Amino acid sequence: MTFEHNLLQLGRISSPARLWSFAINVGTVAGFQSAIYACPPPHKKPTDPDTIVRYRGMSDAEFQKFAVDGLIGQGHLTNANSLINAKPFRWTDLAELTSDKSEFLNLKAEANSVGIDDGWIFPLFGPRGRDGLASFGKPNHPDLMTNEVGEKLQIFAQMSHIRLCQLTPDLFEIEKPLSKREMQIVAWVAVGKSNSEISSILGISENSIDTYMRRAFLKLDVHDRTSAAVKAISMDIVRT
């Protein structure tokens, strides 16, 4: 199948399980022996315990040691991701992108010893802060590590991520939704209104405003007004 055909097929996939199988097949046919996908909750890092993780072509021990404890746990992957934004990058490029080169080089040497020598890593961006990372690794041939191949795989990985977000729109919804009054107050906070101004607008006391805000903080898992407004808007809970 051609690259364009693979992209068209994504829109016809109707379940997350079939999407993962399709992505694995695309990577395998292209010539990669391993694949990793990580999608943390909105605005969280891949180290978050609720991160969705899928992998293929690595043993559980290899994945834990080199991906979870190594690349992610030591910060190499998240640091590099913040530096290069949306561009795909090679696993071997991390030596130049991470702050602790010696620690990474030790990790790389261990990975090479078990056949994990190179691969592509793709930062992924989704709606309402649902960002993530994907990787195709263990290439069968050096030609698979050209920029042209990396850019095509980046498009495929990004569109696959968007398709997963479409198939699972409620995956990371907050456990306790905001009440109508809480949404009203957070929406007014988002446009810069103070508690006294919101009190006048809604006709309730400032003490009540403060109580509703504290409840919203707990539900949104934030600690200040600005974070509450930003998170509620990014998750499409309130609109300004």
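The values are calculated or read from the model by the stated rules, or taken from the named source; none is laboratory data. In this text, all values refer to a predicted model and were calculated from it rather than measured experimentally. Note that each Cβ is placed from the backbone with ideal geometry, even for glycine, and that neighbours are counted across all protein chains shown.
Here Ser199 fulfils each of the conditions (1) under 30 Å from Ser135 (Cβ atoms); (2) at pLDDT 85 or above; (3) of a type outside the set (A, V, I, L, M, F, W, C); (4) surrounded by 15 or more Cβ atoms within 10 Å (Cβ to Cβ) apart from (1). Of everything in region 226-240 that is outside any loop (DSSP other than H, G, I, E, B) and touching a Leu at 6+ places or on another chain (Cβ under 9 Å), the residue that is modelled with the highest pLDDT is Ala228. Just name the residue that is nearest to Phe136 (Cα to Cα) out of those in region 17-52 that are modelled with pLDDT under 90 and touching a helix residue (DSSP H, G or I) at 6+ places or on another chain (Cβ under 8 Å). Per the stated criteria, the residue is Ala38.
Of the residues making up region 36-72, those that are more than 24 Å from Pro169 (Cβ to Cβ), among the small types (Gly, Ala, Ser) and buried (at least 16 other Cβ atoms within 10 Å of the Cβ) are Gly57, Ala67, Gly70. A search for C-beta distances below 9 Å between a residue of region 182-207 that is within 9 Å of Val238 (Cβ to Cβ) and not assigned by TED's automatic domain parsing to the domain that holds Val230 and any residue that is β-branched (Val, Ile, Thr) and assigned to a helix (DSSP H, G or I), counting only pairs 6+ apart in sequence or on different chains, returns nothing. On inspection, Ala157 fails the criterion of being in a helix (DSSP H, G or I) and farther than 30 Å from Val29 by Cα. Using the structure shown, decide if Ala216 is small (Gly, Ala, Ser), surrounded by 13 or more Cβ atoms within 10 Å (Cβ to Cβ) and at pLDDT 90 or above. Yes; evaluated as a whole, the condition is true for this residue. Within region 160-196, the set of residues being polar (S, T, N, Q), modelled with pLDDT under 90 and outside any loop (DSSP other than H, G, I, E, B) comprises just one member, Gln166.
Yes/no per residue for (1) of a type in the set (S, T, N, Q); (2) part of a helix (DSSP H, G or I); (3) at positive phi; (4) touching a Lys or Arg at 6+ places or on another chain (Cβ under 7 Å):
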position	(1), (2), (3), (4)
Val26	no, yes, no, no
Val29	no, yes, no, no
Ala35	no, no, no, yes
Pro46	no, no, no, no
Met58	no, no, no, no
Gln64	yes, yes, no, no
Val68	no, yes, no, no
Leu71	no, yes, no, no
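Which of the residues that make up region 202-225 are more than 29 Å from Arg130 (Cβ to Cβ) and part of a loop (DSSP other than H, G, I, E, B)? Within region 202-225, Gly203, Ile204, Ser205 qualify. Hey, does region 123-131 have a residue that's in contact with a Leu (Cβ under 7 Å, 6 or more places away or on another chain), modelled with pLDDT of 85 or more and assigned by TED's automatic domain parsing to the domain that holds Pro41? Looking through region 123-131, at least one residue is in contact with a Leu (Cβ under 7 Å, 6 or more places away or on another chain), modelled with pLDDT of 85 or more and assigned by TED's automatic domain parsing to the domain that holds Pro41.
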